[in-house]
Amino acid sequence: MNKELLTLKEIASRLDISPSLASYYRQQYAEFMPGIKAGRYMKFEPEAIEIMRDIATGYKNNLQQYEIKEQLSAKYAINIEEFNNKPATTTAQQQQHNEHLTGLMMVLNDELVFLHEQIRQQQALIEQLTRQQLPAGKRRSWWPFKKGKH
């Protein structure tokens, strides 16, 4: 019994989705897609149609990626080769994003150091003003108006 193998484009046309969307699903959920390498391309078993349909339904129901993966793992086997072949290091885009965040954190740290110094200077000025001695018996009024003349 020979199984019919399908291309990603054929799966996309059967599900009435764009080939680019099918490719995205394939990349994000490769560990669930039963396929065989055929030269430079992958060919997929017919079960891949149902898996991709479940993925599309998950997105239509506004599920997060991890929720879709949980549903798929409960229903389908994981393709160990694809799971093990996922890169352990971050992608170039993730590294660029991390570098950007690191730069922002450095700028924020510099701002915090500057603000801390400003606060320290203000506190020193307040201490200096409160230490000023008034002549004996004189008190500074907190009310700016003299009694009866407002």
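Yes or no: Ala74 under 28 Å from the mean Cα position of the chain (by Cα) and either at pLDDT below 85 or not polar (S, T, N, Q) (or both)?
yes
Quick test of your reading of the structure: Gly137 fulfils all but one of (1) at pLDDT below 90; (2) at negative phi. Name the failing condition by number.
The failed condition is (2).
It is to be established whether one or more residues within the stretch 24-31 are assigned by TED's automatic domain parsing to the domain that holds Ala77, out of contact with any Pro (no Cβ under 8 Å at 6 or more places or on another chain), free of Cβ contacts under 8 Å to residues at least 12 places away in the same chain and surrounded by 13 or more Cβ atoms within 10 Å (Cβ to Cβ).
Checked the stretch 24-31: at least one residue is assigned by TED's automatic domain parsing to the domain that holds Ala77, out of contact with any Pro (no Cβ under 8 Å at 6 or more places or on another chain), free of Cβ contacts under 8 Å to residues at least 12 places away in the same chain and surrounded by 13 or more Cβ atoms within 10 Å (Cβ to Cβ).
Identify, by number, the condition in (1) at pLDDT 90 or above; (2) part of a loop (DSSP other than H, G, I, E, B) that Arg14 doesn't meet.
Against the list (1) at pLDDT 90 or above; (2) part of a loop (DSSP other than H, G, I, E, B), Arg14 comes up short only on (2).
Look at Ile51 and say whether it is among the aliphatic types (A, V, I, L, M), touching a Lys or Arg at 6+ places or on another chain (Cβ under 9 Å), modelled with pLDDT of 90 or more and assigned to a helix (DSSP H, G or I).
Considered against the rule, which asks whether it is among the aliphatic types (A, V, I, L, M), touching a Lys or Arg at 6+ places or on another chain (Cβ under 9 Å), modelled with pLDDT of 90 or more and assigned to a helix (DSSP H, G or I), Ile51 comes out as yes.
Output the residue which, of all residues in the stretch 77-105 that are over 20 Å from the mean Cα position of the chain (by Cα) and modelled with pLDDT of 70 or more, is surrounded by the fewest Cβ atoms within 10 Å (Cβ to Cβ).
Ala77
With the condition kept exactly as written, say whether any residue in the stretch 33-47 is out of contact with any helix residue (DSSP H, G or I) (no Cβ under 6 Å at 6 or more places or on another chain), at pLDDT 90 or above and aliphatic (A, V, I, L, M).
no
When the residues of the stretch 4-21 are filtered to those that are in contact with a strand residue (DSSP E or B) (Cβ under 9 Å, 6 or more places away or on another chain) and in contact (Cβ under 8 Å) with a residue 40 or more places away in the chain, which remaining residue is surrounded by the most Cβ atoms within 10 Å (Cβ to Cβ)?
Ile11
Just checking, which of Glu45, Glu10, Glu31, Glu4 is more than 29 Å from the chain's Cα centre (by Cα) and under 12 Å from Asn79 (Cβ atoms)?
Matching residue, one of Glu45, Glu10, Glu31, Glu4: Glu45.
The values are calculated or read from the model by the stated rules, or taken from the named source; none is laboratory data. None of these values were measured; they are calculated from a predicted model. Here the Cβ is made from the backbone with ideal geometry for all residues, glycine too, and neighbour counts use every protein chain on show.
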